[in-house]
1. For the subset of segment 110-146 comprising residues that are of a type in the set (D, E) and over 18 Å from V58 (Cα atoms), which member is surrounded by the fewest Cβ atoms within 10 Å (Cβ to Cβ)?
2. Can you name the residue in segment 350-369 that is surrounded by fewer than 19 Cβ atoms within 10 Å (Cβ to Cβ) and touching a strand residue (DSSP E or B) at 6+ places or on another chain (Cβ under 9 Å) and, of all such residues, is farthest from A39 (Cα to Cα)?
3. Show me the strands (runs of 3 or more DSSP E) found entirely inside segment 85-146 where at least 1 residues are at pLDDT 95 or above and of a type in the set (F, W, Y).
4. Could you please give the count of residues in segment 34-73 that are in a helix (DSSP H, G or I), touching a strand residue (DSSP E or B) at 6+ places or on another chain (Cβ under 9 Å) and modelled with pLDDT under 95?
5. State which residue is farthest from R89 (Cα to Cα) when the search covers only segment 417-434 and only residues that are touching a Phe, Trp or Tyr at 6+ places or on another chain (Cβ under 8 Å) and at pLDDT 95 or above.
6. Take G417 and decide whether it is buried (at least 21 other Cβ atoms within 10 Å of the Cβ) and within 24 Å of E257 (Cα to Cα).
7. On the basis of being in a strand (DSSP E or B), touching a residue at least 40 places away in the same chain (Cβ under 8 Å) and touching a Gly at 6+ places or on another chain (Cβ under 6 Å), does F201 make the cut?
Amino acid sequence: MSLLLLASCGLGNDANNESNQDMPARFIADEDQGGIYLADGFQAYVVAEVGGGRHITVRDNGDIYVKLSNPSKSGGAIAAIRDTDNDGRADTVAYFGDYRGTGMEFHNGYLYASSDSVVYRYEFDGDALVPKNADNPDVLISGFTSQRQHANKNFTFDGKGNIYVNVGAPSNACQEQDRSKGSEGMDPCPWLELHGGIWQFDANKLGQTQVDDGVMYATGIRNAVAVDWNFDDNELYVVQHGRDMLYQLYPEMFDEEASAEKPAEEFFKVTKDSNFGWPYCYFDPELGHKVWAPEYGGDGKEIRDCDEFDQPILTFPAHWAPNDLLFYTGDQFPKEYKNSALIAFHGSWNRAPLEQKGYHVAFVPFENGEVTGEYSEFAEGFAQVESIEKPSDAKYRPMGLAMDLDGSVLIVDSHEGKIWRVFYHEAPTKLASR
C-alpha cells in the first residue's frame, strides 16, 4: 500500500467581516461560504481538497480521515488530515492504502475502513497521523461475495460491541436477467441469502467472514449507503436507494416522467429481523404506500402483501441517492438539531427527461427517536449550476458527513474531495433559492 505526504496544505480564509471578528479562528467563514448555501444561521469554510471522497470520520485528537474513491488518482485510499494551528483548516495531508471503498469510522481508538469486499482495522502509535499498520491493516471481516453493483460495505457501530455492515443487492429488482425488459423476478429472490440487508458482526474480533460469523440483522433493503446508529433511542437507521427503470422495463405501465418520480427513497428504522420488502415491493410517493413490483405481477397500484413488510419512517423524492446519514449529538448547533438527522444526497442520474435532483444535505427533526416533522434543506448549491441535466454537470456532489469534536459538521464531496466545515453563528446566512 502506498504512502504520500503533503505538507503546508492550509487553505486561506477570505472573510474578516465585523460579524466574525469575535469568533474563534476555527469558526470564521469563507466569504462565499465555500460556495454553498446554508440554512439560516449557519456558515462554512473549506477545510481541504483531498481527491474524490466517500465517507469521512474524525479521530479523538481532531485528525480527519476520508475514504477515497480513486487511490491511484489521489495518492492513496485514505486521506489523513491534520490541523496544527487550530484554525480548523488542513495544514498536513497524508495518503495511505491502495483499495477503493466507502466505509470509514473510528471506534474505540481504531480506524475502520472498507473496500467493496473487506472491512479493515487500523491501529496507531500515539499521536501519529498515519497508522502503524498502514501497509498491512488487520482484516476484521472478509468473505463478502464479489459484485458489480451496490458493492459498498459501509458500516456503523452500536457502542455495545457490534458492527453493522450494509450488503447491497447486486441487482435492480432481482430479475432472472438483471435490468432486462420482460425478465421475471426470481421468487424467492436468491440474492437475499447473502445480500440485500444489514449484517451484524463482532466489532472486536479479527478474521471474521460473512458466512461463518455474520448474523443477518435485517433484510429486504436494496442498498443502504447511508447508515448510522441513533444513540438517543439505541436503534439502527438507514436510508435506502430505491429501484430504477420502471419505464424502461415496463413502458406499458409507466411513462418516462412516472419512472423519474418513482419510487421514493425510504428512511428506515431497523430492528432485529426487520424486512422492508425489496424486491417484492417499492414505495410509490404518489399513492403514499408500498406497491407490488411489476417483476412479480404487480400493476403499479396493487398492494398485495406489501403492508406485511416493515414501513419507512419518512420518504424522499425518487433517485436522490442518499449516501450518508449522521445523527447529530453535539452542542454547537441549535437545540433542535440535537439527536436529529442529517442526510447527504449524492444526486440522481436517472430522472431524464426531467432535471436531475438531489445534490444537497437535508435535515430531519427527531425527538426521542421519532421523526417530528418534514425534512428541510440544510446545505445546497454543491452542483454550482442552476440546472442539472446529467451528473457531470455538477461541480461537487455531497457524499460523506461527520461531526467534529467541536460540534461542527464536515461534508465531503465525491468529485474533488472538497471538505466543508459547517458551524452555527447567529449572524444571518439565509438559504439561497436556486
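The values are calculated or read from the model by the stated rules, or taken from the named source; none is laboratory data. Nothing here was measured: the structure is a model prediction, and the numbers come from that model. Cβ coordinates were reconstructed from backbone atoms using ideal geometry, including for glycine residues, and neighbour counts include every protein chain displayed.
1. Only one residue tops the list, namely D135.
2. If we take residues in segment 350-369 being surrounded by fewer than 19 Cβ atoms within 10 Å (Cβ to Cβ) and touching a strand residue (DSSP E or B) at 6+ places or on another chain (Cβ under 9 Å), then G369 is farthest from A39 (Cα to Cα).
3. By residue number, 92-96, 104-107, 110-114, 119-122.
4. Residues in segment 34-73 being in a helix (DSSP H, G or I), touching a strand residue (DSSP E or B) at 6+ places or on another chain (Cβ under 9 Å) and modelled with pLDDT under 95: 1 in total.
5. Y424
6. Answer is no for this residue.
7. Judged against the criteria, F201 is a match.
Listed here are the residues, each with its yes/no results for (1) at pLDDT 95 or above; (2) under 22 Å from R54 (Cα atoms); (3) assigned to a loop (DSSP other than H, G, I, E, B).
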{"residue": "L287", "(1), (2), (3)": "yes, no, yes"}
{"residue": "I303", "(1), (2), (3)": "yes, no, yes"}
{"residue": "P312", "(1), (2), (3)": "yes, no, yes"}
{"residue": "D324", "(1), (2), (3)": "yes, yes, no"}
{"residue": "Q332", "(1), (2), (3)": "yes, no, yes"}
{"residue": "I343", "(1), (2), (3)": "yes, yes, no"}
{"residue": "Q356", "(1), (2), (3)": "yes, yes, yes"}
